[in-house]
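Structure first, commentary second.
The values are calculated or read from the model by the stated rules, or taken from the named source; none is laboratory data. As the structure is a computational prediction, the values presented were derived from the model and not from experiment. No Cβ is skipped: glycine too gets one built from the backbone with ideal geometry, and neighbour counts run over all protein chains shown. The area values use the complete protein model at the heavy-atom level, side chains included, leaving out ligands, DNA and RNA. Shrake-Rupley method; radii C 1.70, N 1.55, O 1.52, S 1.80 Å.
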Amino acid sequence: MRVVLIGPPGSGKGTQAGLLGARLNLTSVGTGEILRAAVRQNTPIGQAVGPLINQGLLAPDSVVNDLVAELFRGAQRPDNFVTDGYPRTLAQAVAFDALLRQQFLQLDAVVNLAIGDDEVVRRIGNRRSCPNPTCGASYNLLTRPPKKAGICERCGAALVLREDDREETVRRRLNEFHRCTDSLLEHYDRQGLLRTVSALDPAETTFANIVRSTGVK
Ligand code: AMP
């Protein structure tokens, strides 16, 4: 199964990509995580995109497309996958279509996780992330608090509010998301791939709805 997840920040894309990955044995392709790793490792790409990420702006299409192409053309090419945060623009979707065609891979579904802006701001303000690069666990003070306040359950690091999870930045990320997404959704709708699923339910319900909407057995 090959599925693209589209949704604003805080819609639960990462959580759903994790569940789909683990339960359906799909490789999770998360461009946010790939870019954050480049920033941590201070690579030339990381140096270029770090300030953009912190301001809630998108990385250039060409940079993201190249990173994804490298992944799909490499020896570790994922055959079955779920993407989390890619494609984010129409230009990325067109490039991804071409890449997949070249690799003789076909998408099965594009899931649009639907949620309003105010709910996103509320959710993300309560998100706490593990800054440890080898861990990267994510918690929510309302729905999934860590057992010990402020401490990562997996690795013991002190949890942080990500720079790009601050309200002002989240609002900017939402503006970016809306500016880019309409044409993206239309693109996949024209291909008959688009499924819209509410992101307001608990994660397990949303997961079941995604599975049902994509027709996976
Ligand atoms: P995410 O973790 O998916 O919310 O991504 C965090 C940040 O990484 C975004 O706010 C963007 O700055 C950048 N980013 C991630 N994926 C993409 C993409 N497909 N295109 C452009 N920028 C991206």
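With only the Cα atoms considered, the stretch 20-109 has a convex hull volume of 109 Å³ per residue.
The chain has equivalent-ellipsoid semi-axes of 25, 21, 18 Å, by the square roots of 5 times the alpha carbon gyration tensor eigenvalues, sorted largest first. When only alpha carbons are used to place a centre, the stretch 36-57 and the stretch 82-104 end up 21 Å from one another. The residues of the chain have, on average, 51 Å² of accessible surface per residue, using a 1.4 Å probe with all protein chains present. Absence of a disulfide-compatible partner, taken as no other cysteine beta carbon within less than 4.7 angstrom, is noted in the chain for 180. In the stretch 94-179, the portion of solvent-accessible area held by carbon and sulfur atoms comes to 50 percent [1.4 Å probe, whole percent, DNA, RNA and ligands not counted].
Expressed in Å, the radius of gyration and Dmax of the Cα atoms of the stretch 61-189 are 17.4, 48. Antiparallel beta bridges, as assigned by DSSP with both residues in the chain, represent about 25 percent of the total such bridges. Check each of the chymotrypsin sites (Phe, Trp or Tyr not before Pro) in the stretch 56-163 and keep only those in coil by DSSP with at most 14 other C-beta atoms within 10 angstrom; list them in order. Taking the stretch 56-163 and a limit of 14 other Cβ atoms within 10 Å, the loop chymotrypsin sites (Phe, Trp or Tyr not before Pro) found are 104. Over all orientations, the stretch 6-59 has a Cα convex hull whose mean projected area works out to 4.2 square nanometres.
Annotation for residue 94 and residue 160: the two label points, set 7 Å from Cα along the Cα-Cβ direction, are 3.7 nm apart.
Other residues with beta-carbon under 11 Å from the beta-carbon of residue 132 carry, at +1 per Lys or Arg and -1 per Asp or Glu, a net charge of +2. Other residues whose C-beta falls under 13 angstrom from the C-beta of residue 53 contribute a net charge of +2, scoring Lys and Arg +1 and Asp and Glu -1.
Which Cα, out of 29, 64, 140, lies furthest along the positive dipole direction of the chain (beta carbon charges, K/R +1, D/E -1)? Farthest towards the positive end: 140.
Could you compute the FRET efficiency for residue 104 and residue 204, with r as their C-beta to C-beta distance and R0 at 30 Å, rounded to 0.05? So the FRET efficiency works out to roughly 0.30. About the centre of its Cα atoms, the chain shows a dipole size close to 580 debye [charges on the beta carbon of Lys, Arg (+1) and Asp, Glu (-1) only; nearest 20 debye]. Within the shell of other residues whose beta carbon sits under 11 angstrom from the beta carbon of residue 200, the net charge comes to -1, with Lys and Arg scored +1 and Asp and Glu -1.
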